[in-house]
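The values are calculated or read from the model by the stated rules, or taken from the named source; none is laboratory data. Worth saying up front: this structure is predicted, and the values here are computed from it rather than measured. In case anyone asks, the SASA skips ligands and DNA or RNA and just uses the protein heavy atoms, side chains included. Shrake-Rupley method; radii C 1.70, N 1.55, O 1.52, S 1.80 Å.
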Amino acid sequence: MKLFSFLGSTSAADIEDLYRAYLDDPGRVEADWRLFFEGFEFARTQFPEAEDPQKKENTVFRNEFNVLDLINAYRERGHLFT
């Protein structure tokens with residue numbers, strides 16, 4: 001935490017002004033703040049979710065059980081559909 005101690009002694013308005021300056025031209029802010037804002041931008045990045053093989057496998061199994069449920073329903077109540 002000692003590394004970012006300068007954050008606690010700065011007002012939010014000053015940080016916001018620095019961030020706006022960084023967005024306009026990253027070279028206008030000090031290197032420490034530039035690195036801080038680069039990390040901030042990285043944290044805001046939306047990355048595509050990786051496919052979860054477990055989730056896909058569960059969906060396949062659920063679909064198979066749905067088919068079995070349908071077959072059993074026809075076996076039990078199929079005579080009522082005529």
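Against the condition open to solvent by 90 Å² or more (accessible area, probe 1.4 Å), at pLDDT 75 or above, hydroxyl-bearing (Ser, Thr, Tyr) and not in a loop (DSSP other than H, G, I, E, B), how does Tyr74 come out, does it pass?
Values: open to solvent by 90 Å² or more (accessible area, probe 1.4 Å): yes; at pLDDT 75 or above: yes; hydroxyl-bearing (Ser, Thr, Tyr): yes; not in a loop (DSSP other than H, G, I, E, B): yes.
Considered against the rule, which asks whether it is open to solvent by 90 Å² or more (accessible area, probe 1.4 Å), at pLDDT 75 or above, hydroxyl-bearing (Ser, Thr, Tyr) and not in a loop (DSSP other than H, G, I, E, B), Tyr74 comes out as yes.
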Original post:
Among the residues of region 4-23, which ones are of a type in the set (A, V, I, L, M) and modelled with pLDDT under 65?
Top reply: Leu7
